[in-house]
Each structure stands twice: as structure tokens, then as C-alpha cells.
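S.K.: Attaching a single structure in C-alpha cells format; questions to follow.
What follows is calculated from the coordinates using simple rules that are stated; it is not laboratory data. Since this is a predicted model, take the numbers as computed values, not measurements. Here Cβ is always computed from backbone atoms with ideal geometry, including for glycine, and neighbour counts include all displayed protein chains.
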Ligand code: SF4
């Protein structure tokens, strides 16, 4: 069984910078992170081991530190101000590419377009963007389009982790709405995500028959990487760690491709890679010892 690692995978610079900031020694036992800093359980465990408190947004009343961190996914200005108004020092780890998305959404609004964010309405990144706009709509799929009724000039941005083809399809569907006169689309999908999606296409071009996608269960970009493989009719599994590997996935497989989402640490990828190598070696030994 061949094993090929994707050329681009794992932690992106935005997530890494946020982790590095949270792990600075001076923050030990003095920092609260609001929401998952990254959608990865192993990294969240490491943060907790380093004395970083992680709470959900509805637990803001329980913050017991003076310093609080906004995650790489960002937050609205109103949320940051609300934290400052409580006397907290806010450390902002918003990824520069999420800041770019915020700026472009506001630009479209300023220029008189009705802003539409293609993404998941309940995702923290999307909530942050919407929170900075007076009026806006979130479109996840075509069933959301009737909500755009009455808006003839529509400006579109995307959640940073989307698949470009999906967003382009929705842009075309919006253009075709009978009441829409003009559409301006600004591509805000981030380059590290595009690199990871492109690397999957390379794997698919190499005829993998099994895709292993490593990342947190709640990681949107990891789910999309798995879907890219499934959409091509290839078996793919999204899991969090080497212990999740199921030997049954590998039965009869010739070529395994491994990739990982933008919040998956390199040591977790290396651990999975080693475990798959052991499974592959076991298969070879097993077939070598078959009688006849
Ligand atoms: S996935 Fe993209 S936008 Fe999100 S943190 Fe990473 S680099 Fe930034």
C-alpha cells in the first residue's frame, strides 16, 4: 500500500500565530480565551495544560483573568468593546486574512452593495463579520436565496474556509435572481485553505483510493477537505488522532492520501503517518505470508 502526504496541509500561519500568542509564558494562568482558539482538541488540551482558560461566549460572565483573547476567527467590534467595557485587556489574535474579510465586507456596504456572506451562519468567523455590518445576509446554500428578495445590488464575500467552486456556483445563482441588477463578488477564501484544497486535487490526480483527513470534528475547513475527496467518489475519513484509525478502512486499498485541516498540528499528522506506515507494513507482511 502506497502512502502519499499532501503537499500542503496542517496548521496555517493564522492559527499558529494565535497559539504562539496564547502560549507566551507571561500569560500562564492569566489569560482567558473566548471560544475555541483553534478547532483542534489536542491544541486545546495543550493550552489548558499551560494554564490558559478556555470558555464559550455564553460564559463571559465567568471570566476570572484580566486578559482575554479573541481567537484567529475574529469577533465583531461590538464584542471586543463589550469585553473592554468589563475592564478586560483584550489581546486580538484575529488572523490577518479574517481582518481582510471584515474590511472588504464593510467596503461593499459603504459602496452601497447589500452585503452577503457565503458561509455558515452560526460559525464564529461569520458571526464576527455580520456583527460589524448594519444589514447583511448569510447564504449557505440555494435555499437561503429567497431572503435576498428586494436587494438589487448585492456584494458578496465568503467565509475564509469555503470551497471556491461552491461559492462561485452561489454567486452565479444570485446573479440569476430576477430582482438582482448587479453583483460584485470579492474572493475572500484564504490562500492557505486554497493551497490545502489544491493539494487534495493533486492527490486525487495520483489515483488515491482512500483519503485520510485529520482535524477536529468541529473544524469546518477539515470537513470541506473530506468532502472534496468524497465528491470524487473516493472513500474518505475525517478523524482527530491516530487512535481513531480503523484497520477496516485499509482492507484492499492500494494508495492512501493523507491531509489535514488548517488547525491540525504537525505532530498529530506525524503520529497518524507513522500509524498508517505500521498498518501498511502489516498488510505487506500479511500478504507475504499468505500460502501459495
Ligand atoms: S484558515 Fe486562513 S483565515 Fe483562517 S486562520 Fe488560517 S490563514 Fe487565517
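S.K.: Expressed in whole Å with the largest first, what are the equivalent ellipsoid semi-axes of region 87-246 derived from the C-alpha gyration tensor as the square root of 5 times each eigenvalue?
M.R.: On the way: eigenvalues 188, 87, 33 Å².
Value: 31, 21, 13 Å, ordered largest first.
S.K.: From the P(r) of the chain, can you give the percent of Cα pairs sitting at distances over 24 Å?
M.R.: On the way: 24028 of 42486 pairs.
Percent of Cα pairs beyond 24 Å in the chain: 57.
S.K.: Based on alpha-carbon centroids, what's the gap between region 110-174 and region 11-85 in Å, whole number please?
M.R.: So the two Cα centres are separated by 27 Å.
S.K.: Each label point is 7 Å from the Cα along the Cα-to-Cβ direction; what then is the distance between the points at residue 67 and residue 17, in nm?
M.R.: According to this spin-label approximation, the distance is 1.8 nm.
S.K.: Mind computing the radius of gyration and Dmax over the alpha-carbon atoms of region 13-93? Å is fine for both.
M.R.: So, for region 13-93, Rg and Dmax equal 11.5, 32 Å respectively.
S.K.: Another one. Using only the Cα atoms of region 81-122, what do you get for the radius of gyration and for Dmax, in Å?
M.R.: 13.7, 36
S.K.: As a test of the formula, what do you get for the chain when each DSSP H run with n ≥ 4 contributes -39,500 (n - 2.57) and the sum is divided by the residue count, at 222 nm and rounded to the nearest 500 deg cm²/dmol?
M.R.: Numbers: 9 runs with 112 residues, N = 292.
So the calculated ellipticity at 222 nm is -12000 deg cm²/dmol.
S.K.: Using the count of nearby Cβ atoms within 10 Å as a rough guide to exposure, how do 161, 262 rank from fewest to most? Don't skip to the answer; put the middle values down first.
M.R.: Values: 161 27, 262 31.
Least crowded to most crowded, the residues run 161, 262.
S.K.: Which of 273, 238, 140 comes first, and how do the rest follow, when ranked by fewest Cβ neighbours within 10 Å? Don't jump to the answer; show the numbers that get you there.
M.R.: Details: 273 15, 238 22, 140 18.
If I rank by nearby Cβ atoms, fewest first, I get 273, 140, 238.
S.K.: Same structure again: From the square roots a ≥ b ≥ c of the eigenvalues of the alpha-carbon gyration tensor of region 221-292, which class results: rounded (a/c under 1.5), prolate (a/b over b/c), or oblate?
M.R.: Values: a/c = 3.08, a/b = 1.60, b/c = 1.92.
In terms of gyration-tensor shape, oblate.
S.K.: As a footprinting exposure proxy, order 166, 80, 134, 103 by other Cβ within 10 Å, with the fewest listed first.
M.R.: On the way: 166 16, 80 19, 134 7, 103 13.
By the 10 Å Cβ count, ascending: 134, 103, 166, 80.
S.K.: Any chance you could give the angle, 0 to 90 degrees and rounded to 10, that helix 96-110 forms with the longest Cα principal axis of the chain?
M.R.: Approximately 40 degrees, to the nearest ten.
S.K.: Taking only Cα atoms, what is the 0 to 90° angle, nearest 10, from helix 164-175's long axis to the longest principal axis of the chain?
M.R.: Helix 164-175 sits at roughly 40 degrees to that axis.
S.K.: Once you order the gyration tensor axes a ≥ b ≥ c over the Cα atoms, which shape class does region 168-250 get: rounded for a/c under 1.5, otherwise prolate or oblate by comparing a/b with b/c? Each step should come with its number before you reach the end.
M.R.: Values: a/c = 2.62, a/b = 2.30, b/c = 1.14.
Prolate, since a/c reaches 1.5 and a/b exceeds b/c.
S.K.: Would you mind giving the three semi-axes, in whole Å and largest first, of the ellipsoid equivalent to region 97-185 according to its Cα gyration tensor? Walk me through the numbers on the way to the answer.
M.R.: On the way: eigenvalues 67, 44, 26 Å².
They are 18, 15, 11 Å, listed from largest to smallest.
S.K.: How tilted is helix 266-288 with respect to the longest principal axis of the chain? Cα atoms for both, answer in degrees (0 to 90, nearest 10).
M.R.: The angle comes out at about 30 degrees.
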